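To keep things clear, I will list the structure first and then write my remarks on it.
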Amino acid sequence: MPIRNRIAEMQPEIAAWRREFHENPELMYDLPWTSARVAEHLRSFGVDEVVTGIGGTGLVGVIRGRGTGGTVGLRADMDALPIHEATGLPYASRTPGKMHACGHDGHTAILLGAAKYLAETRNFAGTVVCIFQPAEEGGAGAKAMIDDGLMDRFGVDEVYGLHNAPGLAAGEFVLRPGPLQASADEFVITVTGKGGHAAEPHMAVDTTLAAAQIVVSLQSIVARNVDPLLSVVVTVGTFRTDSGASNIIPNTAVMAGTVRCLDAAMRDLAEERVKAVATATAAAFGATAVVEYERGYPVTVNHAENAEYAAQAAEAVAGRVDRNCRPIMPAEDFSYMLEARPGAYIFMGNGDTAQCHHPAYDFNDEAIPAGCSYFVTLVENRLPVKD
């Protein structure tokens, strides 16, 4: 069956959970209501264990099947974004400046739906660990849960996650083995020259000119240092000086940006080149540059064998699956889980909706049965009951 009949029956109930989460968004690790509500649902399903406070406000629901077997982890992220909602929906955010603009409300509801089904049927041999994670949106909640003993404490053998994808038909699936999403690093470059009067540039060291040239020169990293067959993005997102007047050459200029890569070697190269280009370019104009470079989420790399397991489950639900989708450059902290254990991450269609992180975005409740059925099918395939 593409969609489990029981899950199809549960769809209105799961959608109601999702909309309640949507109305009550919470950010990063500050998820007291969300975590408590998820735990309440899990306990009502009769799962074997509900363990809270992992990595801050993360929690786990443990469901044991029939007989012995491996342990499969399923992950959903719970946090919202600091965005003011513009959907006008009857279940829109009740908290100004916070909204579920990336579909984590849907991910949480889908995993809860799968947990309820699995707790009812127990048609698997082994253990399912349902992982509800805080702080995916920039807070590395996955790493916090791992550092708090998630994988070893619950004996997770392999781990899987999904994310909705606007623009892809609702309930369809795409993935690929290997790099799926980019690493995300950040830099801040402070350029110092010698301030002065704009009418007397020869008496100053023009910090703005030096900093502007750094912005341009940073683009040479991708154009001339990176293998053309590999993907790297270098973007300067902010630029400011310590002057607010048009007739002053500022003393300092500060720029900040991000570097995205799909390859670990290119990540190392990009960091080295950002530092070298910034300092050398500033020196050429008589200025100095100090580079602060911080590494963020690593590349999200699907393990080939597990990506095929995920593809088979998705294909059973949707009838077909794209096994070689294009990687994307936004980052995802599920990457830490894939560094800790074999597993795979998959995209599920959200239909013709606004893009993630847009004020008009909303998760498509019509995709819920496909998401729940995917998780359930994956578990039953990976932990088959031996009669």
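Every number here is computed from the coordinates shown, using simple stated rules; none is lab data. Quick caveat: nothing in here was measured; it's all calculated off a predicted structure. When we count neighbours, we look across all protein chains shown, and the Cβ atoms used for this are built from the backbone with ideal geometry, even at glycine.
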Rounded to 5, the percent of DSSP beta bridges in the chain classed as antiparallel: 70 percent
Indicate the gyration tensor shape class of the range 183-295 (rounded, prolate or oblate), computed on the Cα atoms with a ≥ b ≥ c the square roots of the eigenvalues: a/c under 1.5 is rounded; otherwise a/b larger than b/c is prolate and the rest oblate. prolate
Along the charge dipole of the chain, which of SER220, PRO96, THR34 sits closest to the positive end, that is, farthest toward it, with unit charges on the beta carbon of Lys, Arg, Asp and Glu (+1, +1, -1, -1)? SER220
Shape call for the chain, from the Cα gyration tensor axes a ≥ b ≥ c (a/c under 1.5 means rounded, otherwise prolate when a/b beats b/c, else oblate), comes out prolate
Please report the base-10 log of the normalised intensity I(q)/I(0) for the range 267-387, using a Debye sum with one equal scatterer per alpha carbon and no solvent, at each q in 0.19 (1/Å). -1.15
Tell me which residues come under 5 Å, amide H to amide H, from ILE54 once H is placed; ignore anything under 5 positions away on its chain. LEU59
Quick calc, the range 183-295, dipole around Cα centre from Cβ unit charges on Lys, Arg (+) and Asp, Glu (-), nearest 20 debye, gives 140 debye
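Magnitude of the Cβ-charge dipole of the chain, K/R +1 and D/E -1, about the Cα centre, nearest 20 debye?
Charge dipole of the chain: 340 debye, to the nearest 20.
About its Cα centre, how strong a charge dipole does the range 1-58 have in debye, to the nearest 20, once Lys and Arg get +1 and Asp and Glu get -1 at the Cβ? Don't skip to the answer; put the middle values down first.
Numbers: 6 positive and 9 negative charges, 45 e Å.
It comes to approximately 220 debye.
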Based on other C-beta atoms within 10 Å, arrange ARG260, ARG326 from fewest to most. ARG326, ARG260
Just to confirm a number: summing +1 for Lys and Arg and -1 for Asp and Glu over residues other than GLU366 whose beta-carbon lies under 14 angstrom from that of GLU366, what do you get? -2
Value at 222 nm in deg cm²/dmol, rounded to 500, when DSSP H runs of n ≥ 4 in the chain each add -39,500 (n - 2.57): -11000 deg cm²/dmol
In order over the range 161-177: 3J(HN,Hα) from phi, Karplus 6.51/-1.76/1.60, θ = phi - 60°, whole Hz, x for each Gly or Pro, gives x, 9, 9, 5, 9, x, x, 9, 3, 4, x, 7, 10, 9, 6, 7, x
Using the count of nearby Cβ atoms within 10 Å as a rough guide to exposure, how do CYS102, CYS372, CYS356 rank from fewest to most? CYS356, CYS102, CYS372
Can you put ASP79, ASP362, ASP268 in order of Cβ neighbours within 10 angstrom, beginning with the fewest? ASP268, ASP362, ASP79
Tensor-based shape of the range 1-116 (alpha-carbon gyration tensor, a/c under 1.5 rounded, otherwise prolate or oblate): oblate
Residue (of THR281, GLY58, GLY161) at the positive-pole extreme of the chain, dipole from beta-carbon charges: GLY161
